[in-house]
Amino acid sequence: MIALVASTVYFAITPLVEAQSELLARTRPTLFDVLIALFGGSAGIVSVTRRTNKGQVAPGVAIATALMPPLCTAGFGLSHLDFWIFLGAMNLFLINALFICLATLGFIRLMAFERMSEPEPGARRRIQLIISALTLAIVIPSIYTGFNVVQETRFKSAARRFISEQLTFADRSQLNVALRHRRDSSTIDMTLIGEPLPLAALDSISTRLPSYGLATTRLIVRQPLGAQPSIQEISDAVRQGVFRDLDARVQTSSSVPDPRIGALEAELRHSRTRTLPVAPMAKELGALFPEFRSLSVARVVTVTSSAMPAIDSAGLLNAVVGWSRLPSRAEQEKVRQFLALRLQRDSIRLTSTLER
């Protein structure tokens, strides 16, 4: 109780709020934990029963390696109200405590220590039944969990080797690689940035999964930059259509000069002679920000109420950035500075939108 209260208070006031691997490893007891408890308990009782015993080093080591870590993990679960972590850690604590006791009992029987009292036959049978039931109730789930852990470890090792040998390209980058293990249907889910792979190539790569021991594994490769037209590509197509329509109207208009037509023709010529490098910037933003979804950049045209519109072709740019999750103001400012540097402009207006 002292250890549990101390660990709960510690994790409640410490700035460490994430469950690291050392904590999570103690929420899924396996057969290996049973063996550790048995060996720890055996070392402790052998040390205590030696005639030349001068201290309690071995029992202390058994407590430090088998009992304290799950209690600290249980304290983490209590402080964060995560009862799955708490129950898993307490399960490991009970496993370790029980098998340290069983190892102690086994060595005491082996060394034929004199009994201080002899229980009645009925009570002895009852004690043996309780010990046997507790042992089976703990060992059987631990064997099952240990088998699953071994299978998951083998799957992740084979999946990483498959990705390294089959899905690593010099001109493409891997993002958000997720390995999900299931007993009957595991998945390898990843995002591939760069020139999209043809479907025939992906099918060919998928057929090699069984040779890596991944016969029941499904491969999911996401290629966001090539699967469908981006917002910028659609915007460019619409804009070019508008310019073609303006060209047709200019050709069929009367000979009376209109200052607005001249200004629009100047904007059209400027747009054709200078193409904004939107596609490369979108790839770079996608690599820098996982929440990035789309980028659209356009020049700002300002029309006044006078007869002559004021068109600013070389000044202000408007960038619309789509996100799956809106970034902070600091991150948006970084994006604006990145676009200003790449487009060599001082005046860029950034608008962030949420895309689902």
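Quick rundown of the values:
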quantity: Check on Ile100, under 29 Å from the mean Cα position of the chain (by Cα) and either assigned to a strand (DSSP E or B) or touching a residue at least 40 places away in the same chain (Cβ under 8 Å) (or both); calculated: no
quantity: Those residues of segment 83-119 which are at pLDDT 85 or above and among the hydroxyl-bearing types (Ser, Thr, Tyr), in sequence order; calculated: Thr104
quantity: Pick from segment 25-44, criterion in a helix (DSSP H, G or I) and without any contact (Cβ under 8 Å) to a residue 24 or more places away in the chain, ranking: farthest from the chain's Cα centre (by Cα); calculated: Ala43
quantity: Within segment 43-82, considering residues that are over 23 Å from Arg28 (Cα atoms) and among the hydroxyl-bearing types (Ser, Thr, Tyr), the one modelled with the lowest pLDDT; calculated: Thr52
quantity: Subset tally (residues that are part of a helix (DSSP H, G or I) and under 15 Å from Leu288 (Cα atoms)) for segment 326-354; calculated: 11
quantity: Residue satisfying condition, being modelled with pLDDT of 85 or more, out of contact with any Ser or Thr (no Cβ under 6 Å at 6 or more places or on another chain) and surrounded by fewer than 17 Cβ atoms within 10 Å (Cβ to Cβ), within set Ile143, Ile205; calculated: Ile205
quantity: Ala43 more than 26 Å from Arg109 (Cβ to Cβ) and of a type outside the set (Lys, Arg); calculated: no
quantity: Members of segment 172-194 found to be among the polar types (S, T, N, Q) and over 11 Å from the mean Cα position of the chain (by Cα), listed by number; calculated: Ser173, Gln174, Ser185, Ser186, Thr187, Thr191
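The values are calculated or read from the model by the stated rules, or taken from the named source; none is laboratory data. Every value quoted in this text rests on a predicted model; they were computed, and no experiment measured them. Positions of Cβ are backbone-derived with ideal geometry, glycine not excepted, and every protein chain shown enters the neighbour counts.
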